[in-house]
1. What percent do you get for the relative contact order of chain B when only Cα pairs under 8 Å and 6+ apart count?
2. Could you derive backbone 3J(HN,Hα) for the range A:57-64 from the dihedral phi with the Karplus parameters 6.51, -1.76 and 1.60 (θ = phi - 60°), listing whole Hz in sequence and x where the residue is Gly or Pro?
3. Using a Förster radius of 30 Å, what is the FRET efficiency between B:LEU75 and A:ALA2 based on their Cβ-Cβ separation? Nearest 0.05, please.
4. Picking from B:TYR71, B:ILE50, B:PHE102, whose Cα lies most toward the positive end of the charge dipole for the range B:33-112 (charges on Cβ: Lys, Arg +1; Asp, Glu -1)?
5. Just the projected area, averaged over all directions, of the convex hull on the alpha carbon atoms of the range A:34-118: how many nm²?
6. Please compute the contact order of chain A in relative form: average sequence separation of alpha-carbon pairs under 8 Å and at least six residues apart, divided by the residue count, as a percent.
7. How long are the semi-axes of the equivalent ellipsoid of the range B:48-112, taking √(5λ) for every eigenvalue λ of the Cα gyration tensor, in whole Å from largest down?
8. Please list, ordered by chain and number, the residues whose modelled amide H lies under 5 Å from the amide H of A:ARG72; skip anything fewer than 5 residues away on the same chain.
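Derivation of every value follows stated rules applied to the coordinates shown; laboratory data play no part. The structure displayed is predicted, hence computed values, not measured ones. Don't worry about glycine lacking a Cβ; one is built from the backbone with ideal geometry, like all the others, and counts go over all protein chains shown.
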Amino acid sequence: NAGVTQTPKFQVLKTGQSMTLQCAQDMNHNSMYWYRQDPGMGLRLIYYSASEGTTDKGEVPNGYNVSRLNKREFSLRLESAAPSQTSVYFCASSEEEEDSWTGLYGYTFGSGTRLTVV
Amino acid sequence: QKEVEQNSGPLSVPEGAIASLNCTYSDRGSQSFFWYRQYSGKSPELIMSIYSNGDKEDGRFTAQLNKASQYVSLLIRDSQPSDSATYLCAVRALSSASKIIFGSGTRLSIRP
């Protein structure tokens with residue numbers, strides 16, 4: 001059981017380049033999330049998707065776009081990378097449906113993408 | 001004030017002792033509380049969840065919740081070197097548009 005799979009694991013970009021981080025889960029989870037983790041800042045929510053076809057902004061959405069391609073896949077796109085986007089990016093999923101959230105479940109995280117923008 | 005606060009540590013505990021990790025939160029509407037363990041260079045892993053005031057035990061782990069004091073803690077009994085990691089406290093309010101909010105974590109080191 002793969003759980004949540006993220007690709008790539010590492011990436012170096014030049015300022016202004018674009019790229020897409022891929023995330024797929026095989027647990028039939030409804031909700032998916034993208035977080036970034038920076039030293040001393042903890043995990044901060046970038047975007048989330050409550051269900052297939054819906055996406056919403058989190059705490060730090062500027063400079064990012066997302067696509068919920070189907071129930072399994074949720075991608076994060078950096079259109080014009082900036083050094084401030086250097087971070088570790090985690091995708092997560094939850095059995096919960098955000099619109100009828102009960103709080104009984106936490107998140108399952110992918111292994112992360114370490115992104116450096118130079 | 002951060003919404004979820006943790007002492008960053010490091011917290012150093014001798015092997016076999018009890019490690020006590022603490023977390024406070026600001027939103028009184030918070031309903032669900034989680035503890036994640038994160039090894040260096042790895043992703044967070046859910047180890048405990050608690051929703052009601054009091055204690056919840058799972059093996060060597062005990063989560064404690066006091067909603068009146070807006071305080072949640074994690075106790076690790078018989079600490080092992082493999083428990084050395086960063087522990088993230090996470091909180092969710094029903095009204096939260098930001099979903100689960102994470103603290104910045106406490107780094108725990110178990111010394112042999």
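1. Values: 280 pairs, mean separation 42.3, N = 112.
Computed value for chain B: 38 percent relative contact order.
2. Couplings: 6, x, 6, 10, x, 5, x, 10 Hz.
3. 0.35
4. Comparing the listed Cα positions along the dipole, B:PHE102 ranks first.
5. Working: hull surface 23.6 nm².
That works out to 5.9 nm², a quarter of the Cα hull's surface.
6. Details: 305 pairs, mean separation 41.7, N = 118.
In percent, rounded to a whole number, it is 35.
7. Working: eigenvalues 115, 46, 16 Å².
Whole-Å semi-axes of the equivalent ellipsoid: 24, 15, 9.
8. For A:ARG72, no residues qualify.
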